[in-house]
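First up is the structure itself, then whatever we jot down about it.
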Amino acid sequence: MAKSGRKKMTDMRGIAADDPIGLRVSIGEATGKTVRATDYPSDSNASADERDKATPNLASFISSIVQATLYRESSGRGGRVVTIVRIKPAPGPGITSELAKTMRRGLGCGSHAEGAEVVLQGDIRDRARAWLTKSGIRKVVTGN
């Protein structure tokens, strides 16, 4: 039996576009494991005040920062260099992850929170120092 060389085009529901009867169904639909937007929990019932209380207020935390220390590290990271940002007073886990997210967007680099520290990908101590100073932190110390 010779193949026609044509590729089957499907719409996103798993039905082949050239199948006149439309009998082709995706495995997810056949097993009932498809996820619809209505299957996700919604916070639409929560008021705006409740949502604001649930998210940490990063701006007020940044204004309360006494000191930020930047240092370079590559130990235990497969030879890759990262910049560690240590904040005093130590923030909670929610604040640290929000700060990492904000720094990621502001500096254009990868970042994540490790405990009470923010880890920035690459040796970007100079850029991070400028960003923290611009954000309103008065004392920024650069280590090794």
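Quick one: which residue in Ala128, Ala68, Ala113 is modelled with pLDDT of 90 or more and in contact with a Pro (Cβ under 8 Å, 6 or more places away or on another chain)?
Step by step, each of Ala128, Ala68, Ala113 is checked, and only Ala113 is modelled with pLDDT of 90 or more and in contact with a Pro (Cβ under 8 Å, 6 or more places away or on another chain).
Applying the selection to the range 92-120, what residues are more than 21 Å from Ser60 (Cβ to Cβ) and among the acidic types (Asp, Glu)?
Across the range 92-120, the qualifying residue is only Glu114.
Condition test on Lys101, is it in contact with a strand residue (DSSP E or B) (Cβ under 6 Å, 6 or more places away or on another chain) and basic (Lys, Arg)?
no
For residues in the range 99-126 being surrounded by fewer than 18 Cβ atoms within 10 Å (Cβ to Cβ) and part of a helix (DSSP H, G or I), which is farthest from the chain's Cα centre (by Cα)?
Going through the qualifying residues, I end up with Asp126.
The values are calculated or read from the model by the stated rules, or taken from the named source; none is laboratory data. Bear in mind that the values here come from a model prediction, so they are computed numbers and not experimental data. Glycine also receives a Cβ, built like all others from the backbone with ideal geometry; neighbour counts cover every protein chain displayed.
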